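**Q** Mind looking over this structure? Questions follow.
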Protein chains: 2
Amino acid sequence: MAETSTGAAQPIKEIADVVHDAGAMLIVDAVTSLGGMPVEVDEWGIDAIYSGSQKCLSCPPGLAPVSFSEAAVKVILNRKTKVRSWYLDVSMLANYWGSDRAYHHTAPINMTYGLYEACRLILEEGQGSCFARHTQNHHALKAGLAAIGMEYTAAEGHQLPMLNAVRIPDGVNDGEVRSALLNEFGIEIGGGLGAFKGQVWRIGLMGYGARQANVLLLLSALEQLLAKQGYKFDSGASIAAANAVYAIA
Amino acid sequence: MAETSTGAAQPIKEIADVVHDAGAMLIVDAVTSLGGMPVEVDEWGIDAIYSGSQKCLSCPPGLAPVSFSEAAVKVILNRKTKVRSWYLDVSMLANYWGSDRAYHHTAPINMTYGLYEACRLILEEGQGSCFARHTQNHHALKAGLAAIGMEYTAAEGHQLPMLNAVRIPDGVNDGEVRSALLNEFGIEIGGGLGAFKGQVWRIGLMGYGARQANVLLLLSALEQLLAKQGYKFDSGASIAAANAVYAIA
């Protein structure tokens, strides 16, 4: 639902209606979205959904939360062909997770404790506050980038708060800027994928990473590096614009 | 190679010769053995081998170290049918692990640090010393159990040091003893699997768990609980026998 190569939010409820009208079931990738924006599994009619622990949940990588609708479970339990993968056999996983506790694998217990704590922290902050924090920092970053002439790849109204994909300005060297951000400032941003390689930067504001300090440091550093690349803009404008957004809140 | 339901060590070198003579390749399960006894992947002619992090490596569960022989890699690279599982597609994993770094998954970095540290601790102790420690504690446990009339399921000369499978004496209640060990002493031993259910106990002495304190506490606790079950034995004999083994070292 959060498409990480383009930074676009997909309208899952609308897609689910079309899919169900056609008699099919909907599987959703919520790796990037979960914990950073609403994911209404039942309300939107999602039949199968999976996520990861390492993005907006801000937990170490290594677990994939999953959920299935009653309709999906029915299909799984009535499957006629043998599942090829022991590891990903959902019916065996269900028996392990359920009251039977039929042995399937040794559970990564430390990861489970980590995920529990990550979820607890989100509930402590409040889901609404957590999502609002993601949105606010996205707005501040976006205002800052716009003030120095940088544009998002996704259309207005479809931009993800936690994954900001922006076009690299003409004449600016992708690799040089990303290396300098990493080596001089300790900031890692993503390069473009596929057709977007060398064309796009992908700036994550996920979970614990979605905060003022990160937005302001990135914009300051980017101004320094873009100026070195010969890119023309109103110096300091990105910080002024971002802080104007924070001032409203 | 360490069969955990029977506690038997498999003679991998001999099996590999038979397998290769027949023109086949050998895959070995080294989940229980790695870190507790020699696993000579190349010398024994193993084509594919996998292990786990949570047994004799004494690292949290969540990673499976794997290795493939050149012959196995050749078969993998020349595979004609599509791999059904993205997750377990070894050729994709190889490209991710290799110099290409072609994205496949988000690596569980915390687990990787954990495994690194676990391997470092084994090398610090010395592999020879580590294996000898497993063997010594196994001998002490075995002497203790023998002194109170308990027998191993695996034949002499084929018993694993890290997984001690022993027959439950007649008239002794499996569940009652294991529950009491866990609840009163904080010791968890495994029950029998399959045909061995209710017939066998499986006592792990793996990695950090392979030490005198664990052997002596288990034997002491077992004597107390077996006596309650009405099982007849020479009280204290298990401890005397185990300590006699430690005295030799």
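**Q** For a distance above 20 Å, tell me the whole-number percent of Cα pairs in segment B:127-248 that qualify. Provide the component values of the computation, followed by the final result.
**A** Values: 2798 of 7381 pairs.
That tail contains 38 percent of the Cα-Cα pairs.
**Q** Please give me the summed charge of the neighbours of A:D17: other residues whose Cβ is under 14 Å from its Cβ, Lys and Arg +1, Asp and Glu -1.
**A** Details: positive: A:K13; negative: A:E14, A:D21, A:E40, A:E43, A:D47.
Summing Lys/Arg as +1 and Asp/Glu as -1 gives -4.
**Q** Right, something else. For helix A:127-147, report the angle its Cα long axis makes with the longest principal axis of the Cα atoms of chain A; keep it between 0 and 90° and round to the nearest 10°.
**A** It is inclined by approximately 30 degrees.
**Q** Taking the Cβ of B:P161 as the center, what net charge do the other residues with Cβ under 11 Å away carry, scoring Lys and Arg +1 and Asp and Glu -1?
**A** +2
**Q** Place +1 on the Cβ of every Lys and Arg and -1 on the Cβ of every Asp and Glu in segment B:127-248, take the dipole about the Cα centre, and give the residue among B:G194, B:G236, B:V177 whose Cα lies farthest towards its positive end.
**A** B:G194
**Q** Still on this model: Using the alpha-carbon atoms, what tilt in degrees (0 to 90, nearest 10) does helix A:237-248 show relative to the longest principal axis of chain A?
**A** That works out to roughly 60 degrees.
**Q** While we're on this one: Before I look further, what does the protein assembly as shown give for accessible area per residue, probe 1.4 Å, in whole square angstrom?
**A** Numbers: 27060 Å² over 498 residues.
Ligands and nucleic acids excluded, the result is 54 Å² per residue.
**Q** Can you list the HN-Hα couplings for segment B:202-218, worked out from phi with the Karplus curve (6.51, -1.76, 1.60; θ = phi - 60°), rounded to whole Hz and with x for Gly and Pro?
**A** Calculated HN-Hα couplings, in order: 10, 9, x, 10, 10, x, 4, x, 7, 8, 3, 4, 5, 4, 5, 5, 4 Hz.
**Q** Scan segment A:58-133 for trypsin sites (Lys or Arg not before Pro) in coil per DSSP, keeping those whose Cβ has at most 12 other Cβ atoms within 10 Å, and list them by number.
**A** Values: sites: A:K74, A:R79, A:K80, A:K82, A:R84, A:R101, A:R120, A:R133; in loops: A:R79, A:K80, A:K82, A:R84, A:R101.
Here the trypsin sites (Lys or Arg not before Pro) that fit, given the DSSP loop and packing criteria, are A:R79, A:K80, A:K82, A:R84, A:R101.
**Q** Still on this model: In debye to the nearest 20, how big a dipole does segment B:1-150 give about its Cα centre with +1 on each Lys and Arg Cβ and -1 on each Asp and Glu Cβ? Each step should come with its number before you reach the end.
**A** Values: 11 positive and 15 negative charges, 101 e Å.
So the magnitude is around 480 debye.
**Q** Any idea which of A:L222, B:W97, B:A22 is furthest toward the positive side of the dipole for the protein assembly as shown, if Lys and Arg beta-carbons carry +1 and Asp and Glu beta-carbons -1?
**A** Farthest towards the positive pole: B:A22.
**Q** Once the Cβ-Cβ distance between A:Y50 and A:A155 is put in as r, and R0 is 25 Å, what FRET efficiency do you end up with, to the nearest 0.05? It would help to have the intermediate numbers written out before the result.
**A** Numbers: r = 26 Å, r/R0 = 1.06.
The computed FRET efficiency comes out at 0.40.
**Q** Now for a different question. Relative contact order for chain A: what percent, with Cα pairs under 8 Å and sequence separation of 6 or more? Write down the numbers at each step before the final one.
**A** Details: 372 pairs, mean separation 51.7, N = 249.
About 21 percent, as a whole number.
**Q** Another one. Report the residue, chosen from A:G23, A:G192, A:G35, that carries the largest GNM mean-square fluctuation when chain A is represented by alpha-carbon nodes joined by springs under 10 Å.
**A** A:G23
**Q** In peptide A:76-84, what is the residue-averaged number of other protein chain Cβ atoms found within 10 Å of each Cβ? Please report the intermediate quantities before stating the final value.
**A** Details: counts 0, 0, 0, 0, 0, 0, 0, 2, 4.
Rounded to a whole number, the mean comes out at 1.
**Q** Relative contact order of segment A:2-125: what whole-number percent is it, with Cα pairs under 8 angstrom and at least 6 residues apart?
**A** Contact order relative to length: 18 percent.
**Q** At most 13 other Cβ atoms within 10 Å and a DSSP loop assignment: could you name the GluC sites (Glu not before Pro) in segment B:30-98 that fit?
**A** Working: sites: B:E40, B:E43, B:E70; in loops: B:E40, B:E43.
Sparse-neighbourhood loop GluC sites (Glu not before Pro): B:E40, B:E43.
**Q** Can you classify segment A:43-118 as rounded, prolate or oblate using the Cα gyration tensor, where a ≥ b ≥ c are the square roots of its eigenvalues, rounded means a/c under 1.5, and otherwise it's prolate if a/b beats b/c and oblate if not?
**A** Details: a/c = 2.16, a/b = 1.36, b/c = 1.59.
In terms of gyration-tensor shape, oblate.
**Q** Between helix B:109-125 and chain B, what is the angle of the helix's C-alpha long axis to the longest principal axis, kept within 0 to 90° and rounded to the nearest 10?
**A** 60
**Q** Right, next: State to the nearest 20 debye the size of the charge dipole of segment B:146-236 about its Cα centre, where the only charges are +1 on K and R beta carbons and -1 on D and E beta carbons. Provide the component values of the computation, followed by the final result.
**A** Working: 7 positive and 9 negative charges, 29 e Å.
It works out to roughly 140 debye.
**Q** Shifting gears a bit: Can you bin segment A:1-156 into rounded, prolate or oblate? Criterion: square roots of the alpha carbon gyration tensor eigenvalues sorted a ≥ b ≥ c, rounded for a/c under 1.5, prolate for a/b above b/c, oblate for the rest. Intermediate values should be presented prior to the final figure.
**A** Values: a/c = 2.41, a/b = 1.50, b/c = 1.61.
Verdict is oblate for segment A:1-156.
**Q** On to the next question. Does the protein assembly as shown classify as rounded, prolate or oblate by the C-alpha gyration tensor (a ≥ b ≥ c root eigenvalues; a/c under 1.5 gives rounded; else a/b over b/c gives prolate, otherwise oblate)? Display every interim value, and only then the final one.
**A** Values: a/c = 2.15, a/b = 2.07, b/c = 1.04.
Prolate is the answer for the protein assembly as shown, as a/c is 1.5 or above and a/b outweighs b/c.
**Q** Under 12 Å from the Cβ of A:E151, count the other residues' Cβ atoms, weight Lys and Arg +1, Asp and Glu -1, and hand me the total. Intermediate results must be reported in sequence, preceding the final value.
**A** Numbers: positive: A:K142, A:R167; negative: A:E156, A:D170.
It works out to a net charge of 0.
**Q** Largest first, how would B:M37, B:M162 line up by accessible area (1.4 Å probe)?
**A** Working: B:M37 30, B:M162 0 Å².
Result of the area sort, largest leading: B:M37, B:M162.
**Q** Sticking with this structure for a sec: Mind scanning A:K82/B:K197; A:K80/B:K13; B:K197/B:K232; A:K74/B:K197; A:K13/A:K82 and naming the pairs with a C-alpha gap bigger than 30 Å? The partial results should precede the final answer.
**A** Values: A:K82/B:K197 27 Å; A:K80/B:K13 40 Å; B:K197/B:K232 23 Å; A:K74/B:K197 32 Å; A:K13/A:K82 32 Å.
Too far apart for the 30 Å limit: A:K80/B:K13; A:K74/B:K197; A:K13/A:K82.
**Q** Heavy atoms only, probe 1.4 Å: what % of the accessible area of segment B:111-247 goes to carbon and sulfur, would you let me know? Spell out each step's value before the answer.
**A** Working: 3600 of 6750 Å².
Whole-percent figure for carbon plus sulfur exposure: 53.
**Q** In addition: Over both sides of the B-A contact, add up the buried accessible area with a 1.4 Å probe and give it to the nearest 100 Å².
**A** Working: alone 14050 and 14040 Å², together 27060 Å².
Using a 1.4 Å probe on protein heavy atoms, the buried area is about 1000 Å².
**Q** Whole Å is fine, so just give me how far the alpha carbon centre of segment A:81-153 lies from that of segment B:150-224.
**A** What the calculation gives is 39 Å, centre to centre.
**Q** With charges set only on the Cβ (+1 for Lys and Arg, -1 for Asp and Glu), what does the dipole of the protein assembly as shown come to about its Cα centre, in debye to the nearest 20? Display every interim value, and only then the final one.
**A** Details: 36 positive and 48 negative charges, 32 e Å.
Computed charge dipole of the protein assembly as shown: roughly 160 debye.
**Q** Still on this structure, I have one more. Quick one: if you stick a label point 7 Å off each Cα along the C-beta vector at A:Y96 and B:S99, how many nm between them?
**A** 3.7
The values are calculated or read from the model by the stated rules, or taken from the named source; none is laboratory data. Quantities reported herein were computed from a predicted structural model and do not represent experimental measurements. Cβ sites come from the backbone with ideal geometry, for glycine too, and all protein chains shown count toward neighbours. For the accessible areas, the whole protein counts, side chains as well, though only heavy atoms, and no ligand, DNA or RNA atoms are used. Shrake-Rupley method; radii C 1.70, N 1.55, O 1.52, S 1.80 Å.
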